[in-house]
Amino acid sequence: MWIAQKFRRTWNPVTKKLDTSITKGFFADHSLAFGISFNTALFGTLQFKNKKGLQALRHVIRPSFSINYKPDLSKTHFYKTHIDTTAYEVEFSEYEGALYSGFGKGRTGGIGLQIDNNLEYKWRKKSDTSQEKIQPKKLIDGYGLSTGYNFLRDSLKLDLINLYLRSTLFEKISITASGTLNPYQSDKYGRNINKYMWEGGGKFKLGRITNGNISISSNFSSKPKDAKKAETRKKLVEQRLNDPNLVNDQRNLLNYMQQNPGDFVDFNIPWQMNVGYSLSFYERPKDDYSGFTKDFTSNINFNGSFNLTSKWNFSANGFFDIDTKKLQSFQMSINRDMHCWQLSISVTPVGLYRFFSFSISPKSPLLQDLKINRSRSFQNF
């Protein structure tokens, strides 16, 4: 990795503050890693002898085990300096102020472990006449953990434990949750020490959650005008998303679709709406580096559209910050179906960046480069 500058802090005993210096140039940072992994799947089914209702539960476990090694090629780019009058030292990277912050410090020679699970069930209704016709449904789409153990570290050899869960309730409400479990005790400055939370007697603790996030979203829509057309569109999208040869292109397309929803209006759906809520927290160092404090944030995001006529559609999306009680962003657009082409006029009247755009683009995602676009932007800060 080539980096254009170095950013260095030094303690000034006269002003009793940190001085910073930036060195422009052409610097390189290197990284090298080797690894091998193994994975399998385990299935377990619990049958119930009920004439109706719950028929079976199936638990699928997918453990993954890896062995890895990475030499420390970046250790010369890290340094320690005092940050206060108590001579308390903190380690920094001289590349942290650059556009790309470089690679991490330390050797890795250990194992990685990931355990992924999902839970399915079968439910028999009165109208189901045959056991074979009952299709399994996901109760929990996935949940599990991942961690690692580095034998080459002098201390803190066990990595932080990452937890996650995703599920869909009633085929309408999507739930995703994640968190990080820190298994180490900390000193008065909030730094991890080489002692697990369950050591030292007293009440047993597996660790402390240092950050977490939970998101809930639901989508509502009317029935499509043409069911066959909607099914064909759905299969085409799934086929492209699952095609390994189009992974990079599809990621770029999905990002573009999220940033420009007005360019991809489905006139086959008379109306649709999506609402989501997100709550997250994370630990951050205190100003005096005496420990950590937890900050909570929450927000609501929404988007929707409806057909004004068979050829005209109105759509809007926004982001509301619950903590500041302000609408951080809002975009609305009106769209015209022009057979193989689509006209879109978008306005963003709220937020730091406000803009107006006018575009005519082909409906085919493969021909997006042929679009005609005119826009004006305004900054509000």
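The numbers here are math on the coordinates, done by the rules we state, and not lab data. Note that the coordinates shown come from a computational prediction; the quantities given were computed from them, not determined experimentally. Here the Cβ positions follow ideal geometry from the backbone for every residue, glycine too, while neighbour counts run over all protein chains shown.
Give me Rg over Rh for segment 309-350, both radii from the alpha carbons and Rh done the Kirkwood way, two decimal places.
Dividing the radius of gyration by the Kirkwood radius yields 1.18.
Once label points are set 7 Å from the Cα along Cα→Cβ at both Leu73 and Glu96, what is their separation, rounded to one decimal in nm?
My value for the distance between the label points is 2.3 nm.
Relative to a virtual label point 7 Å from the Cα of Gln135 in the Cα→beta-carbon direction, which members of segment 39-62 show backbone nitrogen distances below 20 Å?
Zone members listed by number: 53-60.
Between Lys172 and Ser329, how high is the FRET efficiency from 1/(1 + (r/R0)^6) when r is the Cβ-Cβ distance and R₀ = 22 Å? Nearest 0.05.
Values: r = 25 Å, r/R0 = 1.16.
My answer for the efficiency is 0.30.
For segment 323-332, what does the Karplus curve 6.51 cos²θ - 1.76 cosθ + 1.60, with θ = phi - 60°, yield as ³J(HN,Hα) per residue in whole Hz, taken in order and with x for Gly and Pro?
Computed from phi, the couplings for segment 323-332 are 5, 8, 6, 10, 7, 6, 8, 7, 9, 9 Hz.
Taking the alpha-carbon set of segment 124-203, what are its Rg and Dmax in Å?
Looking at segment 124-203, its Cα Rg and Dmax stand at 21.3, 66 Å.
What length, rounded to one decimal in nm, is gained on full extension from Lys126 through to Leu163, with 0.36 nm per residue of separation minus their alpha-carbon distance? Write out the running numbers ahead of the final one.
On the way: separation 37, 0.36 × 37 = 13.32 nm, distance 3.85 nm.
Full extension from Lys126 to Leu163 adds 9.5 nm.
Among 327-336, 190-199, how do they line up by average Cβ neighbours within 10 Å per residue, starting with the highest? Numbers along the way, then the final one.
On the way: 327-336: 18.2, 190-199: 13.5.
Averaged packing, sorted descending, gives the order 327-336, 190-199.
How long is the gain from Tyr143 to Lys203 if the chain were fully straight, where each residue apart is worth 0.36 nm and the alpha carbon distance is subtracted?
Going from the current span to full extension adds 18.9 nm.
For labels at Val347 and Leu152 in the simple 7 Å Cα→Cβ model, what's the distance in nm?
5.9
If you take percent of Cα pairs over 31 Å apart from the coordinates, which of [x] 31; [y] 47; [z] 59 do you get?
The listed entry that was calculated here is [z].
Can you give the FRET efficiency to the nearest 0.05 for Lys16 and Asp295, using r as the Cβ-Cβ distance and R₀ = 41 Å?
0.90
One-quarter of the Cα convex hull surface for segment 49-131, in nm²?
12.7
In what sequence, highest mean first, do 116-122, 342-348, 58-64 appear when ranked by Cβ atoms within 10 angstrom?
With the highest mean Cβ count within 10 Å placed first, the list reads 342-348, 116-122, 58-64.
Rounded to the nearest 500, what is the chain's calculated 222 nm mean residue ellipticity when only DSSP H runs of at least 4 contribute -39500 (n - 2.57) each, over all residues? Walk me through the numbers before you get to the answer.
Working: 2 runs with 29 residues, N = 381.
Computed mean residue ellipticity for the chain: -2500 deg cm²/dmol.
Counting Lys and Arg as +1 and Asp and Glu as -1, what is the net charge of the other residues whose Cβ lies under 15 Å from the Cβ of His59?
+2
Compute the FRET efficiency between Glu89 and Ser186 as 1/(1 + (r/R0)^6), taking r as their Cβ-Cβ distance and R0 = 22 Å, and round to the nearest 0.05.
Details: r = 17 Å, r/R0 = 0.76.
Calculated value: 0.85.
Taking 7 Å along the Cα-to-C-beta vector as the label spot, tell me the Phe314-Arg374 distance in nanometres, rounded to one decimal.
Roughly 2.4 nm, to one decimal.
One-quarter of the Cα convex hull surface for segment 76-225, in nm²?
On the way: hull surface 71.5 nm².
Averaged projected hull area, Cα only: 17.9 nm².
Full extension from Asp288 to Val60: what is 0.36 nm times the residue separation minus their Cα-Cα distance, to one decimal in nm?
Stretched out fully, the Asp288 to Val60 stretch lengthens by 77.4 nm.
Express the Stokes-Einstein translational diffusion coefficient of segment 9-158 in µm² s⁻¹, to the nearest whole number, given a Kirkwood radius over alpha-carbon pairs, 25 °C and a viscosity of 0.890 mPa s.
118
Which angle between 0 and 90 degrees, to the nearest 10, do you get for helix 227-242 versus the longest principal axis of the chain when only C-alpha atoms count?
That works out to roughly 30 degrees.
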